[in-house]
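J.: Pasting in a structure now, in structure tokens, and then I'll have a few things to ask.
The values are calculated or read from the model by the stated rules, or taken from the named source; none is laboratory data. These figures come from a predicted structure and were not determined experimentally. For neighbour counting, all protein chains shown are included, and Cβ atoms are generated from backbone atoms with ideal geometry for every residue, glycine included.
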Amino acid sequence: MRRMLLLFSIIVLCFLSVGIYMVYAQDETTADADWKQELSSDKQEIKAQKQEISQNAQEARAEETQLRQQIKAAMDSGDMETAQQLKEQLKSMHQENLQERKQDREEMQAAKQDFKSDAKEARQEGYLPDAGLEKRPRFDADNNPPGPKGGAGTNWENKPGPKGGPGAGPGKKVKK
């Protein structure tokens with residue numbers, strides 16, 4: 001009887017542990033899907049904003065071009081008063097367009113920042129790999145890094161003698 005009770009207890013514990021694992025795995029999968037969904041929606045939002053900004057810019061250019069043509073036509077006909085009014089209208093329209101462009105850029109930056117912060121959170125929680133975040137070593141095409149003054153590693157990037165030495169390659173200022 002004791003063996004049956006012990007066997008039954010072990011079987012119940014196995015089922016409980018498998019059930020807990022399944023619930024945990026399901027939560028993990030749900031969280032992973034939530035992050036993917038959130039990142040995907042952020043990407044879609046950025047893409048839609050880019051299209052909207054592009055469309056707004058094209059419409060603004062077309063309106064300004066049309067006003068410029070009207071100004072030219074008014075000047076050609078000798079109607080300077082109308083041309084002056086159109087110039088003022090063009091100036092105010094241009095200022096409005098610039099203001100809208102500035103707002104669009106700020107909104108785009110905010111959306112990009114939101115995406116970056118979401119991606120960072122997902123990486124910290126382990127749902128995204130850390131690929132590309134670590135600093136990569138500087139690439140040296142000829143595999144000859146700068147060496148000591150005039151010693152091994154001296155090449156076109158690192159001149160021999162007092163001008164050479166570690167860090168004396170192009171783009172680096174040599175202290176004299």
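J.: Criterion first (in contact with a helix residue (DSSP H, G or I) (Cβ under 8 Å, 6 or more places away or on another chain), in a helix (DSSP H, G or I) and either closer than 23 Å to LYS112 by Cβ or at pLDDT 85 or above (or both)) does GLU59 satisfy it?
T.: So GLU59 does not fit the description; no.
J.: Go through ALA74, ALA122 for me and flag whichever is in contact with a Leu (Cβ under 7 Å, 6 or more places away or on another chain) and modelled with pLDDT under 90.
T.: Only one candidate qualifies: ALA122.
J.: Hey, GLU81 hits all of (1) farther than 21 Å from LYS47 by Cα; (2) at pLDDT below 90; (3) not polar (S, T, N, Q) but one; which does it fall short on?
T.: With respect to (1) farther than 21 Å from LYS47 by Cα; (2) at pLDDT below 90; (3) not polar (S, T, N, Q), GLU81 is out only on (2).
J.: Looking at segment 18-25, can you tell me whether even one residue there is of a type in the set (A, V, I, L, M), at pLDDT 90 or above and within 30 Å of PHE115 (Cα to Cα)?
T.: no
J.: Return the residue satisfying two criteria in turn: it lies in segment 70-114 and is loosely packed, with under 11 Cβ neighbours inside 10 Å and hydroxyl-bearing (Ser, Thr, Tyr), and of such residues it is farthest from ALA57 (Cα to Cα).
T.: Once the filter is applied, the top-ranked residue is SER77.
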